[in-house]
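Report on the structure given below.
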Amino acid sequence: MRTQKIAFIGGGNMAGSLIGGLVADGYDPAYITACDPDRTKLDQLQAGYGIQGSDDNSAAIGQADAVVLAVKPQVLKEVAESVATAVQSRRPLVVSIAAGVREADLQRWLGGEVALVRSMPNTPAMIQAGATVLHATAGVSERQRGLAESVLRAVGLTLWVEDEMQLDAVTALSGSGPAYFFLIMEAMEEAGIGLGLSPDKARLLTLQTALGAARMAMESSDSPAVLRARVTSPGGTTERALDTLEKGGIRGLFSQALKDARDRSQELSTLLGNH
Ligand SMILES: NC(=O)c1ccc[n+]([C@@H]2O[C@H](COP(=O)([O-])OP(=O)(O)OC[C@H]3O[C@@H](n4cnc5c(N)ncnc54)[C@H](OP(=O)(O)O)[C@@H]3O)[C@@H](O)[C@H]2O)c1
């Protein structure tokens, strides 16, 4: 598996994180090529990780066992169509990390019958704390599944879904999710300042509390509901605060927010497929 040649098409933020994660994980950089029109980005990736750089997408694909499409969704159609001949003649595994681009559209742009894995990472992948969900098309072998998973596992947790449609729900939950937590942090920080804490203390206490709660929830075999009940003494301060949040409709708000994000994900996918 570790001698499979991987070509990244697009050498931006996510490709840099994935390459960094793979190399830190022991993947031989000699087997990794990054393609980008920007020579400066390639030089940085080459200097940082010892990988190969190229400005010729098709030539890199011609040598690759796996191709990671890491360009912006808006340019993916143009990029995919420009490398379709190389993909059809080499027949590598293709892994797309582009948000919202459906497999049927990508297959059409690449000429069809490609072993394709579509994935949805999220921004904490930049610090190797991502959550990525993958979906494989029928032509993907077990070995190729393993290769796709090892690329994305280099930047965090990976999960598979059997139904591509679930990627819209995933986009609403983990794809957009970091921003929900940032909003909660903002709100708690502002509330702390409102109670008279200094801004730097309010921020630090908010962030450390978020980190501590997330780590406790990850490390415990109990559900968040059980953990919450355990720190909520009857008649205490936490209970009073949680009552206010429940009465304010926090669960209904999250339910509606995620439905809205899921619907927007579906709309954007249709737009990307038609453009
Ligand atoms: N960043 C995230 O947190 C995140 C999360 C989930 C999914 N994703 C997905 O990851 C993908 C990449 O995102 P990103 O944030 O890494 O974007 P990015 O930093 O803009 O990287 C994309 C790179 O592709 C290059 N590029 C453009 N046209 C190209 C071509 N024809 N051939 C080769 N390279 C080309 C771009 O160069 P120029 O800048 O010169 O155009 C840029 O360096 C997107 O599809 C996004 O949906 C990202």
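Solvent exposure of the chain, expressed per residue, is 55 Å² of accessible area, with all protein chains present and a 1.4 angstrom probe.
Our helix-only sum for the chain, with -39,500 (n - 2.57) per DSSP H run of n ≥ 4 divided by its residues, gives a mean residue ellipticity at 222 nm of -17500 deg cm²/dmol. Measuring from centroid to centroid over Cα atoms, what is the spacing of segment 114-152 and segment 209-252 in Å? First find each Cα centre; the distance between them is then 32 Å.
Protection proxy ranking for 159-166, 76-83, using the average of other Cβ atoms within 10 Å per residue and placing the highest first: 76-83, 159-166. Using the Stokes-Einstein relation with a Kirkwood hydrodynamic radius computed over Cα pairs, the translational diffusion coefficient of segment 18-164 at 25 °C and a viscosity of 0.890 mPa s comes to 159 µm²/s. If R0 is 51 Å, the Cβ-Cβ spacing of LEU183 and GLN63 corresponds to a FRET efficiency of close to 0.70. Charging the Cβ of each Asp and Glu at -1 and of each Lys and Arg at +1, and nothing else, the dipole of the chain about its Cα centre rounds to 260 debye. Roughly speaking, to the nearest percent, how much of the chain's 1.4 Å accessible area is carbon and sulfur? The value for the chain is 58 percent carbon and sulfur by accessible area. With the charge dipole of segment 49-127 set up from +1 on Lys and Arg Cβ and -1 on Asp and Glu Cβ about the Cα centre, the Cα lying farthest toward the positive end among the listed residues GLN107, ALA64, MET120 is that of MET120. On a 0 to 90° scale, report how tilted helix 237-247 is relative to the longest principal axis of the chain, with both axes built from alpha carbons and the result rounded to the nearest 10. Tilt relative to the chain: about 70 degrees. Axis of helix 142-153 versus longest Cα principal axis of the chain: the two differ by about 50°, to the nearest ten degrees. Return the tail of the calculated pair distribution for segment 190-275, meaning the percent of Cα-Cα pairs more than 16 Å apart. Summing the P(r) of segment 190-275 above 16 Å gives 73 percent of all pairs. What the Kirkwood sum gives for segment 49-124 is a hydrodynamic radius of 12.7 Å, with every pair of different alpha carbons counted. The relative contact order of the chain, computed from alpha carbon pairs under 8 Å that lie at least 6 residues apart in sequence, is 14 percent.
Under 5 Å from the amide H of ALA98 lie the amide H atoms of SER119, each residue being 5 or more positions distant or on a separate chain, with H modelled from the backbone and absent for Pro and chain starts. Calculation over all alpha carbon pairs of the chain in 5 angstrom steps from 0 returns a P(r) of 1, 5, 11, 14, 16, 14, 11, 9, 7, 6, 4, 2, 0, 0 percent.
Here PHE254 sits with roughly 80 square angstrom of accessible surface, probe radius 1.4 Å. Residue order by solvent-accessible surface for LEU207, LEU253 is LEU253, LEU207, largest first, with ligands and nucleic acids left out and a 1.4 Å probe. Note on LYS259: lysines with a C-alpha under 26 Å away, same-chain residues under 8 apart excluded, are LYS72, LYS247.
The values are calculated or read from the model by the stated rules, or taken from the named source; none is laboratory data. The structure presented is a predicted model; accordingly, all values stated were derived computationally and were not measured. FYI the Cβ positions are ideal-geometry reconstructions off the backbone, even for glycines, and counts take in every protein chain you see. Just the protein is used for accessible areas: all its heavy atoms, side chains included, with ligands, DNA and RNA removed. Shrake-Rupley method; radii C 1.70, N 1.55, O 1.52, S 1.80 Å.
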